[in-house]
Every structure is written in C-alpha cells, then in structure tokens.
Amino acid sequence: MSTVVRASLGVVLLGVAALPAMSAQEPVHWDVVDAIMQEAFEHSDLMENASWLTDVFGPRNAKSPSYISAAEWARDRLIQYGLPNAALEPYEFGSGYVNEYISVHMMTPQYMPIIAYPATWSAGTDGRVVGTAVYLDFGSIESEADLERYRGKLHDAIVLTHPAQQLPTQFTPRSTIFTDAQLDEMARIPIGPTPERRNRRRDSGRLGRRQIIDFVVSEGALAIVRTDGRGDYGTVTVSNTGYTLETRPWEPDAPPPHTELFMAAEHYNRILRILEKGIAVEVELDLRVRFTDEDTLDYNVVAEIPGTDLADELVLLGGHLQANPAGTGATDDAAGVVVSMEVMRIFQELGIQPRRTVRVGLWGGHEMGVFGNRAHVAANFADVKTRQYKADYDNLSAYFNVDHGSGRIRGVSIMGNEVIRSIFSQWMKPLGGLGMSHLFTTGMQHEAYEEVGLPGYYFVQDDLDGDAHTHSNMDVYDRLVEEHLMANTVILATFVYHAAMRDEKLPRVAPRPW
C-alpha cells in the first residue's frame, strides 16, 4: 500500500480511535477459564480434527479438490458443534493447483531415487522424460552475453540453478523453548528511534530471473531445479514458482508456466559433484499436475456464535485452512485451525452466551498473499483498494490469529498500544500455569487488519522442531504436540471470551503511514 493511502486511512482512523473510559480493574472470569480448561484437557477433539485435515484432506492448496473437501468438512464439523450458520464464504481467486504425481530418478552413472517436489504452479511434463543434467548458476548471470555460452546446449536439459548447498553437521536442537530471560528481553520496551524500513531493490542493470528462465525454456530445457536453502536431511521446502516476486502464477495473465522442481540438497549436491568430474548425469522425470480454473471462486469457512446485548459487535478468531502443498499443512496451519474450531466447540459445550458475536474464520488463499483474510476484511470492514469503510468497521473489537505452528503460546504483542497492556495483563493471570506469561511491545500484527487500522493480534509461540518444517514435505500430523494445542486452545478461548464479555470494545490506535 502506498504512503498516500496509508496516510489517508490514518486521518480517518484518528476519529475512531478515541479510547474508552477504563475501569480501575479489568474483570477476570476465573470460573469460566477453569471450565474452559477442564473441557479442553479432558474432552479434546483437537487431534481427531487435525488428522482429518492433514491425513485425509492434506495438502489443501488453494482451490484444489482437497482444499474444497477440507472446507466442506470443517463447515459440517462446525454445524455439528451447534453452529448452524457455518458456511463457505466465496471470494475471487485465480487458478488453483494440484500435484497429481511426481517421480524423479537419477538413471546414470548410477541409479538413485531422488527426493523432489514441484514448485507450486509448476507446469508438468508430457509424460515420462529423460534429460541430461546441466549446471547453470543463475546467480552468475549478469547480462545476455553470459547466457550465450549455453546457447544450443540446453535442449532436453535438467538445469541445476544454484551452487552446491553447504550442509554443516547440526550439534544443537532446532526447537526453541523460550527461557524467562529470553522472554523478558523480547518484552523489553525499546528506547530510542524505531529503525526505518529500507527499500531493497534489485540492481536494475542485472539480468532478471524471468529473462534467464525465458532463455532456458526457449532453448528446450525440460525443467529447472532448485534446492530449498535448508539442507535438513531430506526435508524439502517448497515455494511458488514464478519469474519474479511481482509475477503471481495463479493469476489469469501470468506468463505460461515452466517446469520447476525443489530437490533435496543431499541429492542435488551429489549430482553437482558428479558433473564436476566430467561425468554425464541422466535424470528421469514424470510430473503430472492440474490447474483448477473452472471458475473464479475460492472459499473461506465462517461461523458465528450470536451475541446477546452487544450482538452487533464482533470478536474474530481463526487460522488459515489453505496450506503449502508439499506436506499436509499440519503446523502451518492445521494447528491454528483446529485450535480455533476447538474454541467454538468448547463455547457451545459450556453453553457460553457471549455478549458480542464471536466469529471464527478458517481462511483460504493464505500462502499467496492472505487472499481469504483480505477478502473478508474488504467485504466486512474496510476495502483498501476502494478506501470504502463497511458497516462493521466500528463494530470489530479484535481479531486473534493463531498461525505459528504447534509450539506453546508464551505471550502476545500489544502492538504499541499501551492501553491494551493493562487489559491483557489481567486476562493472562489465570494462564500462568500454561506458560502464557509475557506481553510484547512490538511484534507481528495481521496484515489484512493492520492495513485498515483494525487490531489483529498474533500470539508468540515456542518454535518447535515440527515448526522448522513449515512449507516442507515434513509438515505433517506427527509434528503436532497435543498438550501444546490444548494449552493454546485455553489461551485463545480466554482472550476471545474476555474480549466478547467486557463492557467496551478493545481500544485501537491509528495505523502508521509506511
């Protein structure tokens, strides 16, 4: 968003950001938190729901049959929990993508099955193809002249595009369980000016990735191959294909797709070492994909528990149902989805009647640019593109988002709003035994809400081993930690309940121009 638009929004928001009168003591409903905790730990549906989303419906990429099936299942599950208004909420999206089959093998000089996955929105192959591996370091190409030495040499080639990846031995665990000292440092109020954002631009004189790929494809290459930068014992992290960051391959006017793979670093490195010895390497590839563009719609899943005396006001919670298709989207973000669904189940089971309407959103199109969430914000609260404010803009108290894996929640950011500190500090009091102990002055705020000046809070979670596999082929059910998901459910439910029951909506601050 431009500075002009953000500044314009800021002028409007200053008028609605007036802080309500605060009571001397924020009420805490200890009895309700105790009931929530008992239900969460003794009658949990978390892991059963997670298995459906990951084992049965994974990988759940945008507009894929598995995503639509998962969305329909989640809607029906919420209806079973007593939310008859649960529904699929449509929004405009481009082409979906499905990886239907992939088989990759090194055939010579020795046979080796290769761990590899297509970049999302990669083109497939025309059946089984066999090509010769060629090393063309994209990072070394600065001009069209640098490509000339490859002209006529890339027909039926499998093009390796990066140097070998260094794979140091790991002597320390990947998991991070924050210590009290680390949390204290993270929560420290900074003194001094905030560092300015820097506008990073590619050197305009350097040949761009799109131009290099256009050359490689025009020369008849069968596929281009990348590693994921992780080198984690056969784990492969996959991202979207595309010529540049500005080119979004799911859009109707995107360039024709090319065939692109992410390969396990260990297998990629072996092929490079063989090539360095002057020995030819043949690779067999069979990739079958499908683009789902029969219509223009994708879907969120939305359901509500109606409020009572403040029913026109809203408290929103959720996580993203769409997932990167390499694995089954367990930590990113089936974890957040099932926790959000569990909060709604518990509220219904306990017969909770919130003063404000509580809405859960399970979002689509997340990994491509928060499409589902932004569509919901634009339709219900404010549209950044048209600068139109909707009827519910003034009615939203807060959005609570869970999207940082299955690690235990340790805190939440107040996003520079010091009035929130006294409120959240009280809400946290019943949660100390679950590890929820800190408030952070700055941190992530949900983009779709921050853009229009609405409070969208992320929780801060421990980084577990499973979370290290985000967007990879190992983001699967087994990486989820049930005890942590239960604790996170209690924490999320506590924040949602108190936000729904307090006399005033949570106070806001106007957004900063950027």
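The values are calculated or read from the model by the stated rules, or taken from the named source; none is laboratory data. The structure presented is a predicted model; accordingly, all values stated were derived computationally and were not measured. For neighbour counting, all protein chains shown are included, and Cβ atoms are generated from backbone atoms with ideal geometry for every residue, glycine included. Note: accessible area is taken over every heavy atom of the protein model, side chains too, but ligands, DNA and RNA are not part of it. Shrake-Rupley method; radii C 1.70, N 1.55, O 1.52, S 1.80 Å.
Points to keep in mind about this one:
- Counted residues, segment 10-57 - those being outside any helix (DSSP H, G or I), at pLDDT 60 or above, over 18 Å from Pro430 (Cβ atoms) and not polar (S, T, N, Q): 3
- Here Ser397 passes the criteria (1) within 11 Å of Leu454 (Cβ to Cβ); (2) touching a Phe, Trp or Tyr at 6+ places or on another chain (Cβ under 9 Å) except the one numbered (2).
- Considering segment 402-514, the qualifying helices (runs of 4 or more DSSP H), each wholly inside and each with 2 or more residues that are touching a residue at least 12 places away in the same chain (Cβ under 8 Å) and farther than 30 Å from Thr54 by Cα, run over 418-427, 482-501.
- Complete set of residues in segment 134-153 that are in contact (Cβ under 8 Å) with a residue 60 or more places away in the chain, loosely packed, with under 13 Cβ neighbours inside 10 Å and in contact with a helix residue (DSSP H, G or I) (Cβ under 9 Å, 6 or more places away or on another chain): Glu144, Arg151
- Looking only at segment 62-84, and only at residues there that are under 20 Å from the mean Cα position of the chain (by Cα), hydroxyl-bearing (Ser, Thr, Tyr) and open to solvent by 20 Å² or more (accessible area, probe 1.4 Å), the one that is farthest from Val302 (Cα to Cα): Ser66
- Applying the condition of being over 12 Å from Val339 (Cα atoms) and among the acidic types (Asp, Glu) to segment 466-499 and asking which residue is least open to solvent (accessible area, probe 1.4 Å) yields Asp475.
- Qualifying residue in segment 449-456 (condition: within 27 Å of Phe381 (Cβ to Cβ), crowded, with 23+ Cβ neighbours inside 10 Å and hydroxyl-bearing (Ser, Thr, Tyr)): yes
- Any chance Arg273 is more than 33 Å from the chain's Cα centre (by Cα) and surrounded by fewer than 16 Cβ atoms within 10 Å (Cβ to Cβ): yes
- Against the numbered list (1) among the charged types (D, E, K, R); (2) more than 25 Å from Thr54 (Cβ to Cβ); (3) not in a strand (DSSP E or B), Asp312 comes up short only at (3).
- Remark: pairs (first residue in segment 39-50, aromatic (Phe, Trp, Tyr); second residue open to solvent by less than 40 Å² (accessible area, probe 1.4 Å) and modelled with pLDDT of 95 or more; Cβ separation under 7 Å; 6+ apart in sequence or on different chains) = Phe41/Met486.
- Val302, sole failed condition from (1) open to solvent by 10 Å² or more (accessible area, probe 1.4 Å); (2) in contact with a Ser or Thr (Cβ under 9 Å, 6 or more places away or on another chain); (3) not in a loop (DSSP other than H, G, I, E, B): (2)
- Filtered residue count, segment 85-99, keeping only those that are at pLDDT 95 or above and either surrounded by fewer than 19 Cβ atoms within 10 Å (Cβ to Cβ) or closer than 19 Å to Ala50 by Cβ (or both): 5
- Residues in segment 300-309 include at least one that is under 26 Å from Val238 (Cβ atoms) and not hydroxyl-bearing (Ser, Thr, Tyr).
- For segment 244-294, filtered to residues that are out of contact with any strand residue (DSSP E or B) (no Cβ under 6 Å at 6 or more places or on another chain) and of a type in the set (Ser, Thr, Tyr), the residue that is nearest to Gly234 (Cα to Cα) is Tyr268.
- Checking each residue in segment 228-238 for being out of contact with any Lys or Arg (no Cβ under 7 Å at 6 or more places or on another chain) and open to solvent by 20 Å² or more (accessible area, probe 1.4 Å) picks out Asp228, Gly229, Arg230, Tyr233.
- Tabulated pairs, segment 101-125, first touching a residue at least 40 places away in the same chain (Cβ under 8 Å) and among the polar types (S, T, N, Q), second exposed (fewer than 14 other Cβ atoms within 10 Å of the Cβ) and in a strand (DSSP E or B), C-beta under 9 angstrom, 6+ apart or interchain: Ser103/Pro113
- Only one entry of Asp312, Asp293, Asp286, Asp332 meets the criterion of being among the charged types (D, E, K, R), touching a residue at least 24 places away in the same chain (Cβ under 8 Å), over 14 Å from Ser64 (Cα atoms) and open to solvent by 40 Å² or more (accessible area, probe 1.4 Å), and that entry is Asp312.
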